[in-house]
Amino acid sequence: MTETYCGHCGRELTDGTHENCRRALTLEPPRYCATCHRRMIVQVHPMGWTARCSVHGSLSSPL
């Protein structure tokens, strides 16, 4: 799957540099699906996070 959208702000990756978004995503989970721009269901827990897109499935934080 190709990332077309920013996982932090939801805008297209070609719309600006998204430098602040990349920094934010090192500390917090993505809020938008990078493939289809849908808002994801995010759950943060003590061991990390999970984010689920209704179309493209789940992501989880690296251990």
Among the residues of the range 12-25, is there at least one that is touching a Leu at 6+ places or on another chain (Cβ under 8 Å) and free of Cβ contacts under 8 Å to residues at least 60 places away in the same chain?
-> no
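Would you confirm whether or not the range 38-50 contains a residue that is hydrophobic (A, V, I, L, M, F, W, C), on the phi < 0 side of the Ramachandran plot and touching a residue at least 24 places away in the same chain (Cβ under 8 Å)? Outline the logic, then answer.
Of all residues in the range 38-50, those hydrophobic (A, V, I, L, M, F, W, C) come to 40-42, 44, 47, 49.
In the following step, the residues that additionally are on the phi < 0 side of the Ramachandran plot were identified as 40-42, 44, 47, 49.
Among the residues that remain, those that are also touching a residue at least 24 places away in the same chain (Cβ under 8 Å) are: none.
Scanning the range 38-50 turns up no residue that is hydrophobic (A, V, I, L, M, F, W, C), on the phi < 0 side of the Ramachandran plot and touching a residue at least 24 places away in the same chain (Cβ under 8 Å).
Would you tally the residues in the range 13-32 being of a type in the set (A, V, I, L, M), closer than 17 Å to S61 by Cβ and assigned to a loop (DSSP other than H, G, I, E, B)? Spell out the reasoning first.
So in the range 13-32, the residues of a type in the set (A, V, I, L, M) come out as 13, 24-25, 27.
Still in the list and also closer than 17 Å to S61 by Cβ: 24-25, 27.
Next, from what is left, pick out any that are assigned to a loop (DSSP other than H, G, I, E, B): 27.
Number of matching residues: 1.
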Residue check, P30 of a type outside the set (A, V, I, L, M, F, W, C) and surrounded by 15 or more Cβ atoms within 10 Å (Cβ to Cβ) | yes
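Going by the conditions given, is R52 out of contact with any Pro (no Cβ under 9 Å at 6 or more places or on another chain) and either surrounded by fewer than 13 Cβ atoms within 10 Å (Cβ to Cβ) or not in a strand (DSSP E or B) (or both)? Don't jump to the end; show me each part of the working.
Numbers: out of contact with any Pro (no Cβ under 9 Å at 6 or more places or on another chain): yes; either surrounded by fewer than 13 Cβ atoms within 10 Å (Cβ to Cβ) or not in a strand (DSSP E or B) (or both): no.
It is false that R52 is out of contact with any Pro (no Cβ under 9 Å at 6 or more places or on another chain) and either surrounded by fewer than 13 Cβ atoms within 10 Å (Cβ to Cβ) or not in a strand (DSSP E or B) (or both).
One residue is enough: does the range 33-41 have a residue meeting the conditions part of a loop (DSSP other than H, G, I, E, B) and exposed (fewer than 11 other Cβ atoms within 10 Å of the Cβ)?
Checking the range 33-41: not a single residue is part of a loop (DSSP other than H, G, I, E, B) and exposed (fewer than 11 other Cβ atoms within 10 Å of the Cβ).
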Determine, yes or no, whether L59 is surrounded by 12 or more Cβ atoms within 10 Å (Cβ to Cβ) and under 9 Å from the mean Cα position of the chain (by Cα).
-> yes
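Any read-out appearing in this document is the output of simple, stated calculations on the displayed coordinates, not a laboratory observation. These numbers come from a predicted model, not from an experiment. Because the Cβ atoms are built from the backbone with ideal geometry, glycine has one as well, and the counts that use them run over all protein chains shown.
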